[in-house]
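Novice: Following this message is one structure expressed as structure tokens.
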Amino acid sequence: MALKITDACINCGACQIECPNNAIYVGSENWSFAEGTSLKEVETQDGKILDAHTENPPLNDFIYYIVADKCTECNGFHDEPQCAFVCPADCCVIDENFIETEEELLLKKAWLHD
């Protein structure tokens, strides 16, 4: 499962610093797969190969957000998601739209970093 940041976010930035995958971005900032990973290319669901450095539009314009395709819930790094652990507003929660097993999350970690 990936995590998401709810509207209760106070924009403190504590979560972003702790993310081992660089999956958390400031609201209104673009994001890329390459940032914080070893990826050079990404294959889309329709089979297109994209440069991993390509900037994508922000997923939220107002609060920090988590890119689900980069979130591993800290599997392979920590025993628990660090964003949720450090969040003073308790707004880093499971994203029901991205349910993944521990095995899938570890495969994602390997894809991002190996």
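Novice: Which members of region 79-94 meet the condition of being in contact with a helix residue (DSSP H, G or I) (Cβ under 8 Å, 6 or more places away or on another chain) and surrounded by fewer than 18 Cβ atoms within 10 Å (Cβ to Cβ)?
Specialist: 85, 86, 88, 90, 93
Novice: Could you check how many residues of region 55-114 are of a type in the set (Val, Ile, Thr) and in a helix (DSSP H, G or I)? Show your work before the answer.
Specialist: Filtering region 55-114 for residues of a type in the set (Val, Ile, Thr) gives 63, 66-67, 72, 86, 93-94, 99, 101.
If we keep only those that are in a helix (DSSP H, G or I) as well, we get 86.
Summing the residues that are of a type in the set (Val, Ile, Thr) and in a helix (DSSP H, G or I) in region 55-114 gives 1.
Novice: Next question. Criterion first (over 20 Å from residue 90 (Cβ atoms) and over 14 Å from the mean Cα position of the chain (by Cα)) does residue 28 satisfy it?
Specialist: Numbers: over 20 Å from residue 90 (Cβ atoms): yes; over 14 Å from the mean Cα position of the chain (by Cα): yes.
Criteria met by residue 28.
Novice: Another question, if that's okay. If you check residue 22 against the conditions, is it at positive phi and among the polar types (S, T, N, Q)? Quick ask: steps written out before the conclusion?
Specialist: Working: at positive phi: yes; among the polar types (S, T, N, Q): yes.
Yes.
Novice: Six or more apart or on different chains, Cβ atoms under 9 Å: show the pairs whose first residue is in region 84-100 and under 14 Å from residue 15 (Cα atoms) and whose second is charged (D, E, K, R) and assigned to a helix (DSSP H, G or I).
Specialist: 85/18; 86/18
Quick note: the coordinates plus some simple rules give every number you see, no bench work behind them. Keep in mind it's a predicted model, so treat the numbers as computed, not measured. Glycine also receives a Cβ, built like all others from the backbone with ideal geometry; neighbour counts cover every protein chain displayed.
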